[in-house]
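*Asks:* Once you've had a glance at the structure underneath, I'll fire off some questions.
The values are calculated or read from the model by the stated rules, or taken from the named source; none is laboratory data. Just so it is clear, the structure is predicted and the values come from calculations on it, not from any experiment. Here Cβ is always computed from backbone atoms with ideal geometry, including for glycine, and neighbour counts include all displayed protein chains.
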Amino acid sequence: MGTEHCNDIHRARKKMLLDNFLGGVAWGLGSVMGGTLVLTVVIIVISYLLGKIELVPIIGEWVQAISQEVAKHQATRP
């Protein structure tokens, strides 16, 4: 009885460790996959919203104004 009982406890411990390890791997994989999915959706939504806003003409006008100021100050330099 003593030897069989020790073997059962040892097998139970191995099974417990294996189950916990596999559970941790599954939890980590699920977390990574879920985070990737959420991040992908957020990036798609942000890119869609930024596509609706026309920033290029605004930035282009701003750069043009800066270059005109720089050219004006260079022309007045001695």
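*Asks:* Could you please let me know if S31 is at pLDDT 85 or above, assigned to a helix (DSSP H, G or I) and within 33 Å of the chain's Cα centre (by Cα)?
*Replies:* yes
*Asks:* Have a look at E54, E61, E4, E69 and point out the one that is out of contact with any Leu (no Cβ under 9 Å at 6 or more places or on another chain), modelled with pLDDT of 85 or more and of a type in the set (D, E, K, R). Spell out how you get there, then give the answer.
*Replies:* Values: E54 fails: modelled with pLDDT of 85 or more; E61 fails: modelled with pLDDT of 85 or more; E4 fails: modelled with pLDDT of 85 or more.
After ruling out the rest, the residue left standing is E69.
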